[in-house]
1. Collect residues whose amide H, placed 1.01 Å from N in the peptide plane, falls under 5 Å from the amide H of A:Asp95; neighbours closer than 5 in sequence don't count.
2. Going by how many other Cβ atoms sit within 10 Å of their own, how do A:Met132, B:Met445 line up, fewest first?
3. Among DSSP bridges having both ends in chain A, what percentage is antiparallel? Round to the nearest 5.
4. What average number of partner chain Cβ atoms lie no more than 10 Å from the Cβ of the residues making up A:76-87?
5. Give me log10 I(q)/I(0) at q = 0.08, 0.12, 0.13 Å⁻¹ for chain A, Debye formula, one equal scatterer per alpha-carbon, no solvent.
6. So how long is each side of region A:29-79 along the principal axes, counting just the alpha-carbon atoms, biggest first, in Å?
7. Past the 27 Å Cα-Cα mark, which pairs from A:Lys23/A:Lys87; A:Lys184/B:Lys341; A:Lys23/A:Lys152; A:Lys32/A:Lys184; A:Lys54/A:Lys152?
8. If you rank B:Trp155, B:Trp284, B:Trp250 by fewest surrounding Cβ atoms within 10 Å, what's the result?
Amino acid sequence: MQPTVDSETGVTSPAIEVHNFSKRYGAVAAVKGLTLAVPRGEILGLVGPNGAGKTTTLRALAGILRPTEGTLRIAGYDLAISPVEAKRRLAFIPDEPHLFDYLTVEEHLRFTARLYGVAHADLRIPELLAEMELTEKRLALPSELSRGMKQKLSVATALLHDPAVLILDEPLTGLDPVGIRRMKDTIRRRAQVGTAVILSSHLLNLVEELCTRVLLLNRGEVAALGTIAELRALRPELATASLEDLFISLTEESAPVSSGT
Amino acid sequence: MNGVTAAPWRALWFLYTRSWRNRLFQQLRRLRQPRYIVGALAVFAYVASLVFSPQTIATGIVNPALVDVRELISIIGLAGALVAWWLAAPSDSALAYSPAEVYFLFPAPVNRRTLVQARLLSVQAVLLVQVVIWTMLLRRGSAELPAVMRALGLWTLFATISLHRLGATLARTHAPDVPRRPPIAQAVAVIFLLALAAAAAIAAPSALAIWRGSLALSSYDTSHVVDRLFVGRSALQALLNDPAVHLLLWPIRAATAPAFSHDALAWLKAMPAAIVILAVHYLWILRDPQPFEELAVGSSARFADRVSRMRRSGSLTTLKPSRFRWELSLHGTPAGALAWKNLTAAVRTFRPRALLLAIAIVVIIALVAGSGGGFDPDRGAIRSALATTFVSVFAGAVLTAPAWFRLDLRHDLAHLPFLKTAPIPTHTIVATEILTATAITTAAMAILFGAPSFLVLRSIGGPLTGAGLALAIIGGTIALGAVNLLHITLYNAVALWLPAWVPLNQGGANTGGASVVGQVYITLIGILATLSLLLAGPVAAGYGLASLLAGTWLPLLAALSIGLITAVCLVVLEWLALARLLGRALERLEPSDIPSLQT
């Protein structure tokens, strides 16, 4: 079945739909019954302690993992039924940039352009190289790039096809202060033009600064979902406390109580 | 004062013994998994076949000729290694600490001597494995020396070699901001090597005279080839026994003697000198005041990079900035982009010198096989011997090339997240990866063996002449492509269905060990067996059809061509079915299925 498509942007609303998503690794349940929707232009922050299921959720949304249960839709396309159409509309930026050893910076972009069938790529590639300050390095191989430059290249390849959905796993890892500023600006700009962004991070100030809503995961389950103000309203006694204290409190509250405690 | 600075040796001992113990336990624990126990059993069976084979079982019969040849080879090999260590570029690996060693030990409150001791201690595990392997191998034909004595002799030899290599590296390298010391050790080594070369040059005429005597052998039948090898050995032995050469080679002889002793008495006589040489090396290294930390950090980083590249791509080649450019068109199928990526990688990792050398060797073999060489009256025997060698080299290439050339899913599964997010159907990804790898492998083999095959076939003569010969080469290339297609598909199938069995982007603590070696052997045997099964049907059908048609009005070449086309079509049908299955396997594959991607 074809999704309902916005005639102007070519994107359905909501851009990301997750219904009853679960993922198990053998006997271990990484994510349990997650349901959520991210409309166009929203930046959703995914936070939670280590092992909460953040990366599993992001990887499943990117089509890397198959859900054990539930459905995942990107721009209206079910990842299980129309994976190619769904993937054409999304971009995934992992925390560690995985680049091809044998392709130069510019060749990574040409390769991605051909892979995604990007229109006017010959104009878009120089623009992105300039935006990411990679023009001088366009003939360099990944082994000749710093960690931050690799990350920038990873971002450039992700943005090349103007994705409707942008998925970022710890996007600020390895970036310098200027790079961090640029990355934040890039994420904001993408959201302003209607891209749905979902990002995971342990940096709560980043989440507070960028995200319109926050999803707090704990042990694979939703501990809280809403704007920062809505989350604060859940714990009025922590109204003036730091965001860190609020999240720790919400996480502890959602954790199953072990016997004897 | 804390305990670490007071007793750094204890800390090092703890570090390495615990690391080895934990690694051993980890490998034992994983034997609970069927794939590891199967691999371990395969290796155990292989080792048992070596140790308990009739040739190896202690019979009390010593083959002194065999032992002498081994000693001869080891002396020449060590002399060559000395030339490389003292005259060629210093090696990175001798000073390469692991990244963890660099980050834990270098900033620790320990002195330089402790760091050197750490390096010496860390190589002991590798040395011990080498000692066990060589003790087993050297039991053949020389079973009179007890295994423990052989092992001790080998350990002394390997430890001396390791120390000498480290010493040569330390003597020849210096940090950029440290004034270079007078290169005394290097000067001594160079003088020694020059003296050895001069003594060998003076002794050479008498050795050559022995060799010339062998030229009197008028025939090149197999037994005389063997005779010539023995005469060559005698000539070499005469050269090494020249008094001056013998004297200069004494340290090398003394170091190798216990490892190659015929019996316990000879071992007891040889061991003291070998231990003295080892002790001198140890003191030399520890007393060397050269600061090496900065160099070691650089060496470690370069070595780690090379190892990581090898684990990712199976190649130790270092990419250089000057590079081939073949611009990808921005318009076309996405699969074309994948094929372009792999072709670019193949060209960028390709080393023309290696291919030219290989072509030169194969062409010389083929030329000699084709023309008789013109240097011996009885050309038939040597020609057939070289033709046999050529066919063996070709068969070896057919059997092993798909295992070596890995720019397909075996390389790209390290980028599984990329493959899974790319907007291309998975069966298209699989097909493109395999077809590109097949095209590159077949083209490389055609370039390497095409012209030489022509020469060999022409020299054999018979019914193939002119157009027939050309058709045979073309048909052979097509058949080779079909075999490579299935062969490479099977390697990719193992990578997808049993990702832990095929080395991909290996790393972490879960790799290595005897059971993994066993897995590799089982994979190889399994793939060759499956390939034979898959080829059996098409070959039988093609051969049957060609035989039927050959009896009709059709010319033989036409009948053979139809048979070949039929066989190739059947192979392609089998491949299409496999590619579909593998596409589904790629769809289901997750990073957690690949141990090396779980980090």
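Throughout, read-outs are computed from the coordinates displayed, never taken from laboratory work. Quantities reported herein were computed from a predicted structural model and do not represent experimental measurements. Please note: Cβ atoms are built from the backbone with ideal geometry, for glycine as well, and neighbour counts cover all protein chains shown.
1. Under 5 Å from the amide H of A:Asp95 lie the amide H atoms of A:Asp169, each far enough along the sequence or on another chain.
2. Numbers: A:Met132 24, B:Met445 19.
Least crowded to most crowded, the residues run B:Met445, A:Met132.
3. 55
4. Working: counts 0, 0, 0, 0, 1, 0, 0, 7, 7, 1, 2, 5.
For peptide A:76-87, the averaged partner shielding equals 2.
5. Each listed q maps to, in turn, -0.33, -0.74, -0.86.
6. Taking the Cα atoms of region A:29-79, the three principal extents are 29, 24, 18 Å.
7. Details: A:Lys23/A:Lys87 20 Å; A:Lys184/B:Lys341 31 Å; A:Lys23/A:Lys152 31 Å; A:Lys32/A:Lys184 30 Å; A:Lys54/A:Lys152 22 Å.
Too far apart for the 27 Å limit: A:Lys184/B:Lys341; A:Lys23/A:Lys152; A:Lys32/A:Lys184.
8. B:Trp250, B:Trp284, B:Trp155
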